[in-house]
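Visitor: Shown below is the structure under consideration.
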Amino acid sequence: MRTPDRQFGSVDSEGIPHLKERARALEPLGWKGRRAEWIALACFHGGVFTRVQWTSFLGCHHEKVGRAVRKLVAQGVAIEEKPPGIKGIGRICRIHGRPIYKALGLGDRRRRRITSPEVTMRRLLGLDYALEHPRLPWLPTEADRVAAFEALGIER
């Protein structure tokens, strides 16, 4: 079967910088390689995604992503839902499991919680932006932002 055309910027085999190390933290939970990178990326950028986003990121057949989503749901760390108030994008997968966020060093993140349709859309669009600009540096955690500002000589 034909794989989908990449919707987002070309991400070569090296992937998105900064993700490989973070993705390794998910290996004890059974996630490796590009799938683990995707989960890390999604968690750092809002905790929600669509299957289309994941399929485009991997450049694979949608059934492969479907199996991965079902595995996340079966592990009890994600749910897939059709959120009220958002039309035209189908179901959204929300990663809520503490083990995933803890492994990534994110602790008890607000991103695990159910939010309004507006916040969900903002998170999905933020993930789209990160996917479209894979080579831009990003600072997803407070520690990353503090370190960047301190490196610039800006105090807290």
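Bear in mind that the values in this text are calculations on the coordinates, not laboratory data. Keep in mind the model is a prediction, meaning the values are calculated, not measured. Note that each Cβ is placed from the backbone with ideal geometry, even for glycine, and that neighbours are counted across all protein chains shown.
Visitor: About its Cα centre, what dipole magnitude does region 19-151 give when the only charges are +1 on Lys and Arg Cβ and -1 on Asp and Glu Cβ, stated in debye to the nearest 20?
Guide: The calculated dipole for region 19-151 is roughly 440 debye.
Visitor: From the residues Gly47, Leu139, His96, which one has its Cα farthest along the dipole of region 19-151 in the positive direction, the dipole being from +1 and -1 charges on Cβ of Lys/Arg and Asp/Glu about the Cα centre?
Guide: Working it through, the farthest residue towards the positive pole turns out to be His96.
Visitor: Another one. Taking only pairs that are 8 or more places apart or on different chains, how many Lys pairs in region 19-151 have Cα atoms under 29 angstrom apart?
Guide: So the count of such lysine pairs works out to 15.
Visitor: In nm, give the distance between the simple-model label positions of Arg24 and Ile86, each being 7 Å from the Cα along the Cα-to-Cβ direction.
Guide: 3.3
Visitor: Still on this structure: Can you tell me how much longer the chain between Arg98 and Arg122 gets when fully stretched, taken as 0.36 nm per residue apart minus their C-alpha distance, in nm with one decimal?
Guide: Taking 0.36 nm per residue and subtracting the Cα distance, the gain is 6.4 nm.
Visitor: Can you compute the helix-only [θ] at 222 nm over the chain? Use -39500 (n - 2.57) per DSSP H run of at least 4 residues, normalise by all residues, nearest 500 deg cm²/dmol.
Guide: -13500 deg cm²/dmol, from helical runs alone.
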